[in-house]
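Only the coordinates and a few stated rules stand behind these numbers; no lab work does. Every value quoted in this text rests on a predicted model; they were computed, and no experiment measured them. Note: ideal-geometry Cβ built from the backbone for every residue, glycine included; neighbour counts use all protein chains shown.
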Amino acid sequence: MRLLRFAVPAAALLLPVLALAEAPAPTLSADDARHLLVRTGFAALPGEIAKFEGLTRAEAVRRILAGARTEAATAPPGWTKDAPVLRPPGRTATVEERRAFRAARIEEGLQLVGWWYREMAATPSPLTERMTLFWHNHFTSAFRKVRAPILLFRQNATLRRHALGNFRKLVDAMAADPAMIVYLDSLQNRRGKPNENFARELLELFTLGEGQGYTETDIKEAARAFTGWSLERDTGEFRFRPFLHDDGEKTFMGRTGRFNGTDIIEIVLRQARVAEYIAEKAWREFVSEMPDPAEIKRIAARFRAGDYEIKVLIGEMLLSREFWAPENRGRLVRSPVELIVGTLRQFELPQPDDRILALLGRALGQEPFNPPNVKGWPGGNAWINANTLLVRQQLLRRLMAGTVPGAERQTAEGEMQEQPPAMTEEQRARRQRVLERRMRERIEGADLDAWYAKLDRRWQSPERLVSLLLPIKPVNPPKGDSDPARFIRDLALDPTFQLK
């Protein structure tokens, strides 16, 4: 294998931060294309970069949005097509039957996690999966409460169907979503005894933001309007039950009428604050941790004028000056899912098994289908702490075929558990040992020599490898005279690889 030898100063190995030309229609450089692809997906492959390089920003954004899907590209687990098994064993069931039922649902949950990872790694529209994940963290539901993987699978399909569709329709769909009905206790919301959980989160987390333009009375009245929204216990389908609905007069946000849940959503979506709240959240996902107030108002106005079409929101955001600004590149932390999927896609790696993916997600702080609470994962810099940083490095070392610290330690295997994410130090240490063992046994490392050999020669210089794999200059620039595999491995282990 030939070595990379270049008579260049170390500074030349750093990814240049290019100033964007003030042209009427700037075209994308390779670095611009990489930035767009990583921010709207999980990784930037050389072939994908080539397709976007030279396009104007508007052309590139239109191409990204035009590729959006409404259905998954990969086949889901077979049980998703079977008659759902929702009712747990009755009172006469044996202990073994109860355990078998629980074990079957846990296995389905693990398979569901593994399937979604496969979809994210293989999808021809990474933005679709990014937005599905975004909405999963907005309209949260969790396995530990719902306990029915089939309902979570159906919710995932609904989120994907509306991921880049219409926010109004998405809110309607989530209000009637069976997993949401279970998660936020709508089954207990009935005439004369309203449960406020969904009504509160609709206003506080899903549309307006905490304390923004509503009162406690509004929450109580909205809860009355949503009474009777239920599901069929045998099929898991939504069912409105009129005999449980409070059809009396209600006063909500200054309006009075015999409102039902659909009426409440319509009144809420008339508030200008809704578009601003969603725009702020999308800004933190795609642009920077600090939303620009003027840009948020501009984008929100377009979003609202477009009747809440999500493509309008994302398109405006991706075409903003701030999205392309050099100072906003490499400033966002990849979520655990983005890091895992991005590394698998970038280096064309085989996917680890379902159990280790669930375990990795939990250890890194983001287990799909199990957000910590109704507020979802906080994101941003919260992804990084002393424990998760160590696990991230261990994962990348394993994927890059390096050694994993603590490889001498052994322990019994664990399983996905229906438990809150909070753990004692002893539990955390045990999970860490389980994870280390599984990474050694079940994660196949990259053949970096083969990956390098398949690269177009354009990308085989140190400078271009840096610009391909990192959003900004590395903290620890590798030596240019090292062999390609070691050079690539060092880039993947650099802290900046975990940024986007």
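Using a 10 Å cut-off on Cβ atoms, rank the peptides 336-347, 373-384 from the highest mean neighbour count down.
So the order, starting with the most tightly packed, is 336-347, 373-384.
Compute the length gained on full extension between Lys169 and Arg191: take 0.36 nm times their separation in residues and subtract their Cα-Cα distance, giving the result in nm to one decimal.
Extra length from Lys169 to Arg191 when fully extended: 5.3 nm.
If I fit a long axis through the Cα atoms of helix 425-442 and take the longest principal axis of the Cα atoms of the chain, what angle between them do I get, 0 to 90°, rounded to 10?
Between the helix axis and the principal axis of the chain, the angle is about 60 degrees.
Between Arg91 and Asn373, how high is the FRET efficiency from 1/(1 + (r/R0)^6) when r is the Cβ-Cβ distance and R₀ = 41 Å? Nearest 0.05.
Between Arg91 and Asn373 the formula returns 0.85.
Could you list Thr496, Thr158 so that the one with the fewest beta carbons within 10 Å of its beta carbon is first and the one with the most is last?
Thr496, Thr158
Can you give the FRET efficiency to the nearest 0.05 for Thr262 and Asn385, using r as the Cβ-Cβ distance and R₀ = 41 Å?
0.45
Post the alpha-carbon centroid distance, the stretch 240-276 to the stretch 46-71, in whole angstrom.
Measuring centre to centre over Cα atoms gives 40 Å.
Separation between the Arg233 and Ala272 pseudo-spin-labels, each 7 Å from Cα along Cα→Cβ, expressed in nm?
Here the modelled spin labels are 4.9 nm apart.
Given 0.36 nm per residue, what is the gain on full extension from Arg255 to Trp459 after removing their alpha carbon distance, in nm?
My answer for the length gained is 67.3 nm.
Which of the listed residues, Val146, Ala100, His136, is farthest toward the dipole's positive end in the stretch 71-225, when Lys, Arg count +1 and Asp, Glu count -1 at the beta-carbon?
Of the options given, the answer is Ala100.
Calculate how steeply helix 216-225 sits against the longest principal axis of the alpha-carbon atoms of the chain, using the helix alpha-carbon long axis, and give the answer as 0 to 90 degrees to the nearest 10.
Its long axis makes an angle of about 70 degrees.
Output the pairs from Lys51/Lys375; Lys281/Lys473; Lys220/Lys375; Lys169/Lys297; Lys81/Lys311 with a Cα-Cα distance over 26 Å in this structure; if there are none, say none.
Over 26 Å Cα-Cα: Lys51/Lys375; Lys281/Lys473; Lys81/Lys311.
What number, rounded to the nearest 500 deg cm²/dmol, is the helix-based mean residue ellipticity at 222 nm of the chain, given -39500 (n - 2.57) per DSSP H run of at least four residues and division by all its residues?
-14500 deg cm²/dmol
Hey, if you put +1 on the Cβ of every Lys and Arg and -1 on every Asp and Glu Cβ in the stretch 345-399, which of Pro352, Ile384, Pro372 ends up farthest toward the positive end of that dipole?
Ile384
Using mean Cβ contacts within 10 Å as the protection proxy, how do 460-467, 179-186 order, highest first?
The peptides rank, most packed first, as 179-186, 460-467.
Any chance you could give the angle, 0 to 90 degrees and rounded to 10, that helix 95-122 forms with the longest Cα principal axis of the chain?
Relative to the chain, helix 95-122 is tipped by roughly 50 degrees.
Scan [x] 28.3, 92; [y] 22.5, 75; [z] 24.2, 81 for the value of Rg and Dmax of the Cα atoms in Å calculated from this model and give just the label.
Among [x] 28.3, 92; [y] 22.5, 75; [z] 24.2, 81, the one derived from this structure is [z].
For Asp177, Asp456, what ranking results if the residue with the fewest other Cβ atoms within 10 Å of its Cβ goes first?
If I rank by nearby Cβ atoms, fewest first, I get Asp456, Asp177.
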